Amino acid sequence: MAATRGRRGGREDGSGHDEQGRPGGGSKAVSAGSGSMDGLLATKEIVVACGPGGVGKTTTAAAAAVMAALRHGSKVLVLTVDPARRLADALGLDGIGNTEHRVPDEAFRSAGLRPRGQLWAAMLDTKESWDALIRRHAPDPQTRDEILANPLYQNISGRFVQSHDYIAMERLYEIHSASDYDLIVVDTPPTRNALDFLDAPQRMADFFSSRLLRWLIVPYRSRLVNVATKPFYQIADRILGTEFLADISEFFILFQSMYDGFVERSQSVGRLLSDRRTTFVVVSTLEAVPLREAEFFAEQLTSRRLHLGAIVLNKVLPDYLREPEGATVAESMKEMAVELAPRLAPCLARVDPAIGDPDQVARVLSEVADSYLNFQVVALREMEERSMLSVVPDVLATVPFFDTDIYDLAGLVRLGEQIWD
């Protein structure tokens, strides 16, 4: 698909221009908040969707990928590293795993859609990705087989601290390096975990060069225990057992043989994230707690010199709730509920005699008016929260609160159209 990637402008060099001298995706100045998701995704190769949990991040990432496949004619992959499995259901797939699966054309046709490009989906399988990493970077077949057979590796490869976050970055780098896709949209875990997602490569490299690791493996590598460390190992032997410590030592000795590869890949991943072909999209609602978390992450991105392409504000109440005329209607309806009820009750009784009681109608009218006024307060508060955003990206998009959950391609397109233009 190198030719396809070239259709989007080719790879950029450090000058901000592609191989043919044309302006790259990051060279065009865009005033804050004036861009569109359409234009943003047309100039990027990686989009990392991040934000708090429960704000529609997974569906927003999938919707952006669907729209790029529909409108740009691109080969698009949406890769989720969030353990939740909502993505497969929304895309009409029986299940997705580490291997990319194409969303069939029939799924689009069933939703009344005709994509110009292709949409693919994958979900990170931590254990499978680690095994592939070992096979790729082990210095020789014997080391590879010994790591894969090591009991400690088998037990912790899917649960090791930083394992999931680190391998997610490895998988992203691997897929992007293969140049099979024009655009990769990554759905990350919730916000605070997403910081681990960004830091994991360097933390993993730091761990394999740490003093703690040297304490664990040096005595077993040299078979000599000096006076300073002997008490530690005597106690550890009694608590954990010599066999367990030997497994630990063997595992890390074998792993250190790939240390240079870890460091090199960590640096490559860092360059990829800061590349002008990569952008971040922060998803949130306008509720106080998730919005503060989203702002925190947006500030972290800018402080790390990573490109904050968009903030998507999800589940926003409709504009009409802020109109003063609506409040006037609601207040009048509440004041006149008793007067209006006798006129409305006969009409309702024709539908069902049980709902024709004027007193009940008056109570409902009053409650509906109160509810509208309460929603207006929330809508005005949302507008105030939006105006106080501390970080303004190239694109600031809002998505209304939908009446139904998004569970299929048609729903993803409905959401995507809200953020696209």
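Nothing in this text is a laboratory measurement; each read-out follows from the coordinates by a stated rule. Owing to the predicted nature of the structure, the values given are computational and were not obtained by experimental measurement. Cβ atoms come from the backbone with ideal geometry, glycine included; neighbour counts cover every protein chain shown.
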> By a straight-distance test (C-alpha under 13 Å), which aspartates and glutamates pair with K315 as possible cross-link partners, with residues fewer than eight away in the same chain excluded?
Replying inline: E287, E382, D403, D405
> Once amide H atoms are placed 1.01 Å from N in the peptide plane, what residues at a sequence separation of 5 or more from V78, or on another chain, have their amide H within under 5 Å of its amide H?
Replying inline: W120, A121, A122, V185
> Can you list the chymotrypsin sites (Phe, Trp or Tyr not before Pro) in region 318-421 that are in a DSSP coil and have 16 or fewer other beta carbons within 10 angstrom?
Replying inline: F401, F402, Y407
> Can you list the trypsin sites (Lys or Arg not before Pro) in region 264-319 that are in a DSSP coil and have 12 or fewer other beta carbons within 10 angstrom?
Replying inline: R305
> Can you list the residues, at least 5 places off or on another chain, whose amide H is less than 5 Å from the amide H of G97, using H built in the peptide plane?
Replying inline: M123
> Simple spin-label model, 7 Å along Cα-to-Cβ: S36 to V338 in nm?
Replying inline: 5.5 nm
> Of all trypsin sites (Lys or Arg not before Pro) in region 35-86, which ones are in loop regions per DSSP and have a Cβ with at most 13 other Cβ atoms within 10 Å?
Replying inline: R85
>> Give the aspartates and glutamates whose C-alpha is closer than 15 Å to that of K334, dropping any in the same chain fewer than 8 places away, or say none.
In response: E325, D359, E367, D370
>> Please list, in order along region 102-109, the HN-Hα scalar couplings obtained from phi with the Karplus expression 6.51 cos²θ - 1.76 cosθ + 1.60 (θ = phi - 60°), rounded to whole Hz, x for Gly and Pro.
In response: 7, 6, x, 4, 4, 4, 5, 4
>> Once R0 is set to 30 Å, what does the formula 1/(1 + (r/R0)^6) return for the Cβ-Cβ distance between R271 and E100, expressed as a FRET efficiency to the nearest 0.05?
In response: 0.80
> E287's amide H: which non-local residues (gap 5+, or another chain) put their own amide H closer than 5 Å, with H modeled 1.01 Å from N in plane and none for Pro or chain starts?
Replying inline: none
> By how many nm would the segment from V329 to V364 lengthen if fully extended, with 0.36 nm per residue of separation less the alpha-carbon distance?
Replying inline: 11.1 nm
> Label E174 and V392 with points 7 Å out from Cα along Cα→Cβ: what is the distance between them in nm?
Replying inline: 4.3 nm
